[in-house]
Structure formats: structure tokens, C-alpha cells
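Scroll down for the structure; my scribbles are underneath it.
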Amino acid sequence: MSGTEEEANGKSGFVPSRRTVLVLGAAAASTVITVRPALAQTAGSVLNCEIPVPSPSAGGSYVAPDGRLVAPGTPGAAPPLARPLRGEEVKNLLRSGVTPAGVDPTASQAYANYIRRLQAGMSGFTCYASLQMPR
Amino acid sequence: MKEILNLQIGPVAFRIGSAWRAPIEALAKLYEGYPAPAGGIADFTVRLEPEKPWRRFVRPSVAIRGDYILPDAAPLPLSLGLLAAEMGMNLQMALGQKNWLLLHAASVEKDGRALILTGESGAGKSTLSALLGERGWRLMGDEFALLDLDSGMLLPFPRAVSLKNGAITVMEAEAGAARFGPRLVGTPKGDIRHLRPNDEAIARMGEGAMPALILFPRFGPAAAVRGVGQAETFMRLTQASTNYVALGEPGFNALTRLVRGVPALAIDYPDTATAVGLVEDFRQELAA
Amino acid sequence: MGDPIYIADSRDVRSVPLDGLTLIYHAPSGMTHIVAPPAPEILEALDAGPADPAELLRRLRARFEFEGEDAIHARLEELEASGLVRRG
Amino acid sequence: MMAARLLVRALRDPQGVQVADWNALVSAARAEQLLGSLAARMEGRAVPPRVAAMFEAARRDSERQRTQALWEAEMARRALAALDVAVVLLKGTAFHVAGLEASAGRSVGDLDILVPRDALGAVETALLAAGWEHLKSAGSYDDAYYRRWMHELPPLIHRDRDRMIDVHHTILPPTARPKPNSARMIADSVTLESGFRVPCPADLIIHAAAHLFADGDLAGGLRNLWDIDRLLREFDSPDFRQTLDERAQLHGLGSAVALALRLAHRLYGSPVADSRSRLSDRLFEPRLLARNGWGQEKRKALRFAFYVRSHWLRMPPLMLARHLWIKATR
């Protein structure tokens, strides 16, 4: 890459240094991570937000254990929550697995997975994005 | 809007309008001594208004709106109107600030060297920065730090410190009662009480400082310090910034310059006294 | 049909090496990528001009010892998905 | 005076306009997504220092939005390159790609593209393979609604970049009364030096007009009319006026385009052949200007009337009843 600062002194980047070992098949891990916009942890302090589970536009869909939406009544899937979850409840659920009040504990992971799958434009996404913590 | 307050905090000016008198009154009292923006011109407008027209009178519920709006923001009861105003200002900064790189971080300064404290919510950076602000450091802000893209200077944004639960008692022992807002009970984060920064912090709110150290504090069973690599620091700060991506190349340049020029440490601390001691040690090392 | 030719538009990137990783600001997208080996080496090898995977491996072999040549396809796909590399 | 009126004046005459309340102007411009355009228009004019800093930041932000819009277009091109399908960029992305006046300070949200109807399936498959995903769950009411009644695939979002793409095969829903000629819109599109395709200038205006009046409740109308004004000024000539008229007839959008032109003329002084107002224009103008100096929407009843109207225009009455029923009861 011509913009590399440390190799600004001529073509030294391409002088053979044969002893360097390059691992091409680096395990399964990706070699490219892209910085995504973060509403940051701001929210914790910035916001009092809510996440409906699932979004009202899902029209009564159930939530499968992996968080996907499925037809109402699908065996093994959890029904929509009667009330939206508050930011703090979601944070505790995602980070420590604490089941929010009034929520069936056996279904809480399905709801957590649904929230993890939220994307921009979906109801509750900005709240979720704002709750994400750096690792 | 019926009730209006204009506020200048560091380099940023707000215009806050409310359908009710109480939140504006509480805000004006908390921010006593802060300057009014020149010419009354604001960078951001905050609106506290009824979620639905009848909610102005019946179980009044304050919707947090303004130039920038978050669709998922839930309303607060009128008794928490002061908190709503604070959240409204935070929201404008988080969504609309494009002049400086905005870091979700506390910052303090001494001898012209600024310390950036960042990390997860609940890591105690508000308390720690407030405490340092009473112990010979200048509080630059407990919530947001503004990094100037050209000069690399850190600018103060000394909002009222938002103290939560146990931290309230800690700071009540440090600062006079006149600097505190009302105790807000039963907020989404438990009890909250705001503390106005001291006179020096307010008087010098226009004065930036060069960053000298980045700290990632965390509560832990025992005091511990470890160095944080530059790449990790970079990654963490992008995630602690609400506008890194929106700033494009100038943001990249400013942030790479910061992480390459300033050391970063993660510290674990069992109590705030230990943390204050660690910070003093670091300061002396930097000065040496 | 043979392997595709890959192109890296190197003038478009600003890269800063840090701790064995490389931060890349990619101007056409406005995105920042953090890349780990062998991605920076592959991008650098593509600086010499467009190449198919076989040619790319030849260029890399001039500088490095390595195994697992098949993985070059997976690496190129990652770079392609990020937009740092495109097919000619 | 509504602050939206001040905003319109400032856009129209940025050097001469008297601004007594900058806060009102800025808040109205932000609420109407026109701060970038205003900042571009006011470049070079003396303004208070804080306003100058806001405008400077807005101009930088517009540049970034341009970059992002062009990049989404580029990534869509790469994803669809193998298909040999005509892909026409629409709306804001088209303005930026073609470097039109209308792109100055123009924000861009989603990427909108127009493709031939019979290519829809292949386009969807190729986008899914390149990292775009369905936003709404397949099989939900919304999904079925989109596929059956609307003019789009259900919106797709890219899993890494969080950006949406709307794939259209016509610029109006099949249920709307006017039937724009998509085949001609694609066939007569312009291929730029960069290889991107955009609608011909007249069709850009017609699409904006259709979007404003047939498909919307006039929310965001000030920006839409600003786009139209910029396009009218950039391409104005006797020949162009005639072409515009002919193509509006071709797409069955003669009255929508005529209305858009009259309103653009009323608000922004756009050059148009026939600027004589109709009585009903007097309802549109207060709706478009229903924004005060705190950025709040005003004139609630009027806005609601336009909301109902927008659905009325989009759907046959029975379908509208079904749609509102399902929306209301779930």
C-alpha cells in the first residue's frame, strides 16, 4: 500500500526477506474488521429507551430460540412480549442473562437473540445500538 | 415553546424549550453561573413536550425531542423533567455533533495535561472525575470529551455531573449542598443527583488542554494496572465515539494521532480512594 | 473459466501500522478497517498491479514463506467484501 | 410567520434574505433535512460565527454523505455486475453520481435503484449473495404487502454497512392510478462516463413529482420541491420544457408534474411555462410550510388530511380499509 507511513523510504517493502513466515489460512478468524458506527455506550447515560420484542410490524410473530421470527404458535418458539423491554433490562439480559420482570425465563434467550439480530431501521435498533459495549 | 433556557457549556450552546415551567426552573438553578450563548444562537435545540397533547395535563409525560430525535426514546414522568432535559442535551450531542470527535469519556486536567477516562457505563468514571475535580484537578467533563480535529486538543464540556446511587453519598461529603440538584428518585438508572462543577471548572470552560493519558477504569477486587496496546485503544475509542464514522478522514487522522501519541492504561480499582491515588501516581510519572 | 483478476486501488487508502495490525482509512467508502496479516501483505502485493490468485501467490512467495495456498481465495473474498479489493 | 417560510426564502435568496432568528432557521432546516442545502447556498455570506461553524460542519457532513452514497452505488454495481441488467440509480444517489446542482448539500438515505421487472428475482438473489439481507422477516404481513402491492422488493439492508437498498421496478405502486412507463424510463436513461445510469433529466423531475404527490403525504415536501427547483433551473430551456411536458404525459403524470411545477414556482420561483395557481394550491402551500421555529410540525388537521389523501391515492378503497385495519389491530 503506497500510503504506508513506515515504508515511505523507497521500495524497501519489496526487498526479499525470505525468512518471514506468512500464515494465509489464519484459523477461522476474519482478517478484516470494519469499524461500524457506534451510538456508543452513550445511551446508558444518554437514554431511556425501549425495545419492543418483537417489533410491532412483525404482526404477532413468535420468536424462535435463535431469535428469528416464526409463525405464531410454532412449537418451541416464544410468544411476543406484552410490553417493550427497557434499556436497562435489555442491558442486564444481554450482559448477565438476567431475565426481566414478568418474562418467562426459559424464553429469555430467544428474546435476547432477537435483540442481537436487530438492524438499522428496525424498531428498537437505535436503543440496542446504544446499549452495546466495547469488549 | 413557552419556557426557554439558553445555555453555553464549553464550546457548545443549547436552546432548551419546555411545555412546562418546572424542568426549566430546575435546570436554570443547576446551571447557575453558566454564561448565555453569544447572540442567543444555539448549536442545538432541545424540546421537552407532551408525548400526546393531553399528556400535558393528565399524568404528564415528557417526550425528549429536538433537532435530532431518537425514535426509541421513551418518555419520562414530569417529576423527572430535569433528567429529561439532560438526556435531551446528550442526545443532540450524540446524534448531531460534527465539529469535534466526540468521545464518551470523562476528562480532567492538571498542569496543562489532560486525562481521558473512558470505558463502560458504570465503571465509575463520573464519580472518579467528580472526585478528582474536588482534589486539585480541573473537571473538564464527566460524560463527553471533545477532541479537536486539527490541533489534537481536548476541549472541556463541563456539564453537571450525573451521580448515581452510591456515588451521590460519596460526593455529598465533598461538595457544598448549593451545588447539587434535587435527588431524582426512581429513574431508569436508580437514584440520580446532579452536581454542578466548581467555579474553576466553569470559569475555564473555554480552555482546552493536550491529552496526556488515556485510562480505562473498571471496578475490580484489587488494584491492577496494565498497558493497553495502540490498536486496542483505537478500536475501543471508535466504539466510545458517537461520531467517529461520520467525521471521515479527519476523524481517522485525529484518532490515530491520539492513540500513537498518548499512552493508555486499563486500571482495576476496588474503591475510589485507590483510584485517586493511582491517578496521582500517573501524574507524577508524566511530570517526571 | 479461470480465476478472476483482483485489483486494489491503493491510492485510495491511508494505512497506519499499529501493534502488528494495520489501520486502513479507505477514502472511497469513508470506512475504517482494521486488518491483520496476511491482509496488508496481500494488498501490498496487489500494489504492483492487478493479479489473479496464482500471480498473487508468486508475488508473495518472493517475500514470504507460507503454507496453505488455498486459503488465498478466502482472504481475497474477505477483502472483496470489505471493498478494499475488487474484481477486474 | 412559520419558520419554514423563512427557510424557503433563505434557500431562494441566500444573500439577500433578512434573518432575525437564526435558531428558527437552523431548526426548521434540520427538521426538513435541508441544513446541508442551506449551508451550501449560504457559503460566502456573512453569518454569525456560531452559524458559520454549523454550516461548515454541515458542508463537511454533506461531503461524507456524498461519499457514502457513491460507495453504496459502487457496491451495488459490483454485486450486480455479472447480471447484465440495466440498473438505473434514482433520487439523491442519481443527483450525486451525475454531479447535478441538486446534489449540493443534499443528504441521501437509502440507495434506490430501478431495474426491469423481469430481472427482479435475479437482482434480489445477487444482492442477497453479496451481503444484503431482508429487513423484515419473510412471510410477515409487511413482506407480503410489499411483494403483492408495492412497487418494490421488501427493503434490503447490508449486514456490514447497515445501509438499505430499495429495488424498484416501477416508480409508483401498481395500485396507484397513474402507470408510469418504466420501460421507457430505463430505455431512455443516461449512461454517465463513470458507467452509472441515471434517468434522463425530465424523468428525474417527473420521479420527484410522482414521489411527492402520488406516493407521499407531503412529509419532506420542501426538500423534494427544492430538488425539483434545482433540476428545473439546471436544465431549463424551451426545448426542455416541452420534453418535460411530453414525458409527463407519457408516464401518465401530467397533473402531478404540473402541480409540482406550480408549487416549486410559488415557493422557490422556479422557471416554469405555466405558473398560474389553482385554488387547491392554497391548501398545499400551508401544508408544506407547517413547521415552526422549534422544528415542530404544526397544522395537525391539515397534515392528517394529507396523510389520508396519500393512502387514498395509493390504494383502492377496499384495500386501504384492509391495510388500515391490519395496521390498527396488531
Please verify whether region D:32-47 includes one or more residues that are aliphatic (A, V, I, L, M), surrounded by fewer than 20 Cβ atoms within 10 Å (Cβ to Cβ) and within 14 Å of chain B (Cβ to nearest Cβ). yes
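Tell me, which strands (runs of 3 or more DSSP E) lie completely within chain C with 1 or more residues that are under 21 Å from A:Gly25 (Cα atoms) and more than 13 Å from the chain's Cα centre (by Cα)? Spell out the reasoning first.
Working: elements: C:6-8, C:13-18, C:21-26, C:31-35, C:65-67, C:85-87.
Of the strands (runs of 3 or more DSSP E) lying wholly inside chain C, those with at least 1 residues that are under 21 Å from A:Gly25 (Cα atoms) and more than 13 Å from the chain's Cα centre (by Cα) span C:21-26, C:65-67.
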Output for region B:91-108, where each listed residue is buried (at least 24 other Cβ atoms within 10 Å of the Cβ) and more than 13 Å from chain A (Cβ to nearest Cβ): B:Trp100, B:Ser107, B:Val108
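Going by the structure shown, is B:Thr127 buried (at least 18 other Cβ atoms within 10 Å of the Cβ) and either farther than 18 Å from B:Leu265 by Cβ or among the β-branched types (Val, Ile, Thr) (or both)? Walk me through it before giving the result.
Values: buried (at least 18 other Cβ atoms within 10 Å of the Cβ): yes; either farther than 18 Å from B:Leu265 by Cβ or among the β-branched types (Val, Ile, Thr) (or both): yes.
Taking the combined requirement at face value, the residue satisfies it.
I'm checking my understanding of the structure. Among residues of region C:14-38 that are open to solvent by 20 Å² or more (accessible area, probe 1.4 Å) and facing chain A (nearest Cβ under 7 Å), which one is farthest from D:Ser62 (Cα to Cα)?
So in region C:14-38, the residues open to solvent by 20 Å² or more (accessible area, probe 1.4 Å) come out as C:14, C:17, C:19-21, C:27-28, C:31, C:36-37.
Cutting the leftovers down to facing chain A (nearest Cβ under 7 Å) gives us C:14, C:17, C:31, C:36-37.
Numbers: C:Arg14: 21, C:Pro17: 30, C:Met31: 16, C:Ala36: 32, C:Pro37: 35 Å.
Among those that are open to solvent by 20 Å² or more (accessible area, probe 1.4 Å) and facing chain A (nearest Cβ under 7 Å), it is C:Pro37.
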Here are some residues: D:Ala10, D:Ala69, D:Ala86. Which one is of a type outside the set (Val, Ile, Thr), under 30 Å from C:Glu77 (Cβ atoms), more than 19 Å from the chain's Cα centre (by Cα) and open to solvent by less than 30 Å² (accessible area, probe 1.4 Å)? D:Ala86
If you take the residues in region B:11-25 that are open to solvent by less than 10 Å² (accessible area, probe 1.4 Å) and of a type outside the set (A, V, I, L, M), which one is farthest from the other protein chains (Cβ to nearest Cβ)? B:Pro23
Can you name the residue in region D:92-112 that is at pLDDT 95 or above and in contact with a strand residue (DSSP E or B) (Cβ under 6 Å, 6 or more places away or on another chain) and, of all such residues, is surrounded by the most Cβ atoms within 10 Å (Cβ to Cβ)? D:Ala94
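Which residue is nearest to B:Gln230 (Cα to Cα), if the candidates are limited to region C:4-13 and must be more than 7 Å from chain A (Cβ to nearest Cβ) and hydrophobic (A, V, I, L, M, F, W, C)?
Filtering region C:4-13 for residues that are more than 7 Å from chain A (Cβ to nearest Cβ) and hydrophobic (A, V, I, L, M, F, W, C), the one nearest to B:Gln230 (Cα to Cα) comes out as C:Ala8.
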For region D:51-64, how many residues meet the condition of being more than 7 Å from chain B (Cβ to nearest Cβ) and crowded, with 21+ Cβ neighbours inside 10 Å? 3
Subset of region D:98-115, residues of a type outside the set (A, V, I, L, M, F, W, C), closer than 18 Å to D:Arg78 by Cα and touching a His at 6+ places or on another chain (Cβ under 9 Å), comes to D:Asp112
What about C:Ser82, is it within 17 Å of D:Trp71 (Cα to Cα) and within 11 Å of chain A (Cβ to nearest Cβ)? yes
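Table: residues versus (1) in contact with a helix residue (DSSP H, G or I) (Cβ under 7 Å, 6 or more places away or on another chain); (2) closer than 24 Å to A:Gly124 by Cα; (3) hydroxyl-bearing (Ser, Thr, Tyr).
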residue	(1), (2), (3)
B:Ser18	yes, no, yes
B:Gly33	yes, no, no
B:Asp43	yes, no, no
B:Phe57	no, no, no
B:Ile69	no, yes, no
B:Leu95	no, yes, no
B:Val108	yes, no, no
Between a residue in region B:37-61 that is under 28 Å from D:Leu35 (Cα atoms) and any residue that is β-branched (Val, Ile, Thr) and surrounded by 14 or more Cβ atoms within 10 Å (Cβ to Cβ), which pairs come within a Cβ distance under 6 Å, given they are 6 or more apart or on different chains? B:Asp43/B:Val12; B:Val46/B:Ile16; B:Leu48/B:Val62
Can you report the number of residues in region B:58-72 which are open to solvent by less than 30 Å² (accessible area, probe 1.4 Å) and within 9 Å of chain A (Cβ to nearest Cβ)? 3
Odd one out for B:Gly141, checked against (1) modelled with pLDDT under 95; (2) open to solvent by less than 10 Å² (accessible area, probe 1.4 Å): (1)
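Go through region B:123-169 and give me each residue that's in a helix (DSSP H, G or I) and either of a type in the set (Ser, Thr, Tyr) or touching a strand residue (DSSP E or B) at 6+ places or on another chain (Cβ under 8 Å) (or both). Before you say what the answer is, go through the steps one by one.
We begin by selecting, within region B:123-169, every residue in a helix (DSSP H, G or I); these are B:125-133, B:166-169.
Within region B:123-169, B:Lys125, B:Ser126, B:Thr127, B:Leu128, B:Ser129, B:Ala130, B:Leu132, B:Gly133, B:Ile168, B:Thr169 qualify.
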Please indicate, with yes or no, whether at least one residue in region D:71-90 is among the hydrophobic types (A, V, I, L, M, F, W, C) and within 14 Å of chain B (Cβ to nearest Cβ). yes
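The values are calculated or read from the model by the stated rules, or taken from the named source; none is laboratory data. Predicted, not measured: the structure shown is a model, and the values here were computed from it. FYI the Cβ positions are ideal-geometry reconstructions off the backbone, even for glycines, and counts take in every protein chain you see. We work out accessible area using only protein heavy atoms, side chains counted, and drop any ligands, DNA or RNA first. Shrake-Rupley method; radii C 1.70, N 1.55, O 1.52, S 1.80 Å.
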